[in-house]
Structures are given as structure tokens and as C-alpha cells.
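See structure below.
The values are calculated or read from the model by the stated rules, or taken from the named source; none is laboratory data. On a predicted model such as this, the values are computed, not experimentally measured, just so you know. When we count neighbours, we look across all protein chains shown, and the Cβ atoms used for this are built from the backbone with ideal geometry, even at glycine.
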Amino acid sequence: MVADHRLEDDELARRLREAHRRVRMLPAADRERLGRRYLAICDLAKRDPGRAAARLESLMALLDTPRDAENTHGD
């Protein structure tokens, strides 16, 4: 049982590191906005890893969205 919990924590930590790497590579405006969201998820992970994992999944989906698709309103 303890080992299973440890594996889940390792997976969340790995995904948090990946999100950090991806947020760090964004342009300044996006990096600031999504960086704050990332920090909130990290803080939540200390208290509620399951909920943090769900929010992290949402952040990763947002990072997977092409930036050009968000800025086509003026076309």
C-alpha cells in the first residue's frame, strides 16, 4: 500500500517537472500567467495530490493547445 502511494507521488512529481519545463519555455506574458497557475497547483499538491493532479491535467491540456489558435479572433 505504501509503495503504491509512493508511485503516485513520483508520477505527480514527474508531471509537475514536465509542466515547469514547458511553462518556462513560453513567451513572457504567457509564462507569467501560466506560471502563477502552476505555482497554485504545486501548493495544492502538498495538501490534496488528487485534486492537484486533475488541475495539472487541465494545465497540460492548455499547454498542448497551439498558441496561434488562441489569437485568431481578429481574422
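Before moving on, here are some points about what is shown:
- In region 1-26, the residues that are closer than 26 Å to L62 by Cβ reach residues that are at pLDDT below 90 with C-beta atoms within less than 9 angstrom, at least six apart or across chains, in these pairs: L26/R67.
- M25 being surrounded by fewer than 16 Cβ atoms within 10 Å (Cβ to Cβ), at pLDDT 95 or above and among the aliphatic types (A, V, I, L, M): yes
- Within the option set D68, D43, being loosely packed, with under 13 Cβ neighbours inside 10 Å, at pLDDT 95 or above and of a type outside the set (A, V, I, L, M) holds for one residue only, D43.
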